[in-house]
Structures are given as structure tokens and as C-alpha cells.
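> Let me give you the structure first, and then I'll get to my questions.
The values are calculated or read from the model by the stated rules, or taken from the named source; none is laboratory data. Everything numeric in this text was worked out from a predicted model, so none of it was measured. Methodologically, a virtual Cβ is constructed for each residue, glycine included, from the backbone with ideal geometry; neighbour enumeration extends over all protein chains shown. What goes into the accessible areas is simple: the full protein's heavy atoms, side chains included, and nothing from ligands, DNA or RNA. Shrake-Rupley method; radii C 1.70, N 1.55, O 1.52, S 1.80 Å.
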Amino acid sequence: MTERTLIIIKPDAVQRHLVGQIISRLEGKGLKLVAAKFMQIPEKLVRQHYAAHKDKPFFAPAVKFMTSAPSLLMIWEAEGCVDMVRRMIGSTFGYEAQPGTIRGDFGCSQRYNLIHGSDSPESARDEIELFFEPDEIVDYELSDAPWLYSKRISPKK
Ligand code: ATP
Ligand code: MG
């Protein structure tokens with residue numbers, strides 16, 4: 001099923017000039033970009049976004065990190081993209097993330113981790129609603145969609 005995922009290229013990735021390289025990975029994989037905005041995320045929104053972690057000891061530092069400088073927020077779309085992108089991102093911190101993943105290749109911090117991707121289709125829906133208005137999401141076709149998303153080649157007639 002076609003899914004959408006919320007991606008945040010976080011303040012550390014913007015400051016470290018990694019925006020282009022991270023977008024290249026998502027583009028190269030064949031995901032479809034349907035919305036984007038560059039902003040310093042207000043504290044109120046970050047608190048809502050990480051509400052599930054509000055009682056954890058890292059909540060306050062995580063909010064401080066996410067509000068410290070601008071981020072690039074995007075919605076990407078493809079069948080099964082929520083899990084696919086989480087696998088591309090890798091585990092929470094670069095020092096332990098697998099090489100080949102975004103966090104594994106571009107960072108080694110135990111505090112800053114470059115990118116957020118929704119962890120389920122349900123949280124993607126909530127996160128997209130939190131950060132984007134419906135009219136900020138663009139509906140269009142990718143001209144190479146049959147090559148990107150076909151499941152098998154039809155037999156010759
Ligand atoms: P994200 O939700 O940002 O994609 P994640 O799903 O890999 O990251 P979560 O468990 O949802 O990880 O944690 C949310 C954020 O809180 C992390 O991205 C990180 O910035 C921070 N965080 C998580 N665990 C820790 C920890 N043990 N120590 C410090 N910060 C942490
Ligand atoms: Mg998470």
C-alpha cells in the first residue's frame with residue numbers, strides 16, 4: 001500500500017552540510033517527494049512530536065537539540081516506505097548504527113542523530129498532520145513510476 005513518511009533532516013545535519021547527501025539517498029531509492037519546508041521548529045511542536053518520550057530522561061535534551069537551529073521537514077511517499085526508510089536511517093545513534101545506513105555513515109554522536117523518520121504508518125499520519133497543512137502536500141505522478149514500482153515484468157504476449 002502506498003504510504004507516506006515524515007522525514008526531518010535535523011539541526012546537526014543542516015549545520016554539517018549533509019542535507020543534499022541525505023536527500024540523494026531518499027531520491028536514489030526511488031521515493032517520491034510530496035512536501036517540504038525549512039524551519040526552526042517551535043518548541044511546542046517538538047514537544048508534541050516527541051510526546052511519547054515526555055517522561056524519559058532524554059526528553060528535555062532532545063527538545064533542546066531539535067529547537068536549536070533550522071531543520072528540513074519533508075514528506076516522502078512509496079509503497080511500504082515507512083519501514084524501508086527506517087532501515088535506511090539505521091539505529092538511533094551513529095556510533096552504533098550499521099555502516100550503509102544514513103546514521104551509520106554520516107555520524108558517530110551519542111546525542112545528535114541527523115534524521116527522523118516515522119516509525120509506523122499511524123505515527124506518520126499523526127506527524128504529517130502536526131507539521132503540514134493538507135494544501136502543502138503536492139499530488140503528482142512520477143514519470144518513471146512504472147519502472148520504480150512495478151512488482152514484476154509482464155510476460156511477453
Ligand atoms: P527519531 O524518533 O528522532 O527518528 P528514533 O526513533 O531512532 O529517533 P526514539 O527512541 O524515538 O529514537 O528517540 C527520539 C529521540 O530522542 C532520538 O532521535 C534522540 O534524539 C533522543 N534519544 C533517544 N534515546 C536517547 C538516549 N538514550 N539518550 C539521549 N537521547 C536519546
Ligand atoms: Mg522515534
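> Taking the range 34-77, which residues are buried (at least 16 other Cβ atoms within 10 Å of the Cβ) and in contact with a strand residue (DSSP E or B) (Cβ under 6 Å, 6 or more places away or on another chain)?
Val34, Ala35, Ala36, Ile41, Ser71, Leu72, Leu73, Met74, Ile75, Trp76, Glu77
> Among the numbered criteria (1) within 19 Å of Leu18 (Cβ to Cβ); (2) over 16 Å from the mean Cα position of the chain (by Cα); (3) within 16 Å of ligand 2 (Cβ to nearest atom), which single criterion is violated by Ser68?
Ser68 satisfies every listed condition except (3).
> Would you confirm whether or not the range 23-35 contains a residue that is part of a loop (DSSP other than H, G, I, E, B) and of a type in the set (Lys, Arg)?
no
> Also: Could you grab the pairs with beta carbons closer than 7 Å, sequence gap of 6+ or different chains, first residue in the range 131-157 and surrounded by 10 or more Cβ atoms within 10 Å (Cβ to Cβ), second one assigned to a loop (DSSP other than H, G, I, E, B)?
Leu148/Gly30; Leu148/Leu142
This table checks each residue for (1) at negative phi; (2) among the aromatic types (Phe, Trp, Tyr); (3) touching a helix residue (DSSP H, G or I) at 6+ places or on another chain (Cβ under 7 Å).
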{"site": "His49", "(1), (2), (3)": "yes, no, yes"}
{"site": "Phe59", "(1), (2), (3)": "yes, yes, yes"}
{"site": "Val63", "(1), (2), (3)": "yes, no, yes"}
{"site": "Glu77", "(1), (2), (3)": "yes, no, no"}
{"site": "Ile102", "(1), (2), (3)": "yes, no, yes"}
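> Which numbered condition in (1) surrounded by fewer than 19 Cβ atoms within 10 Å (Cβ to Cβ); (2) more than 9 Å from ligand 1 (Cβ to nearest atom); (3) not hydrophobic (A, V, I, L, M, F, W, C) is the only one that Glu127 fails?
Checking Glu127 against (1) surrounded by fewer than 19 Cβ atoms within 10 Å (Cβ to Cβ); (2) more than 9 Å from ligand 1 (Cβ to nearest atom); (3) not hydrophobic (A, V, I, L, M, F, W, C), the one that fails is (1).
> In the range 98-123, which residues are open to solvent by less than 10 Å² (accessible area, probe 1.4 Å) and either more than 10 Å from ligand 1 (Cβ to nearest atom) or small (Gly, Ala, Ser) (or both)?
Residues satisfying the conditions are Ile102, Gly117, Ser118.
> Restricting to the range 77-122, and then to whatever is over 17 Å from Lys10 (Cβ atoms), touching a residue at least 12 places away in the same chain (Cβ under 8 Å) and in a helix (DSSP H, G or I), can you tell me which residue is nearest to ligand 2 (Cβ to nearest atom)?
Here the residue is Val82.
> Mind checking whether some residue in the range 133-148 is under 17 Å from the mean Cα position of the chain (by Cα) and of a type outside the set (A, V, I, L, M, F, W, C)?
yes
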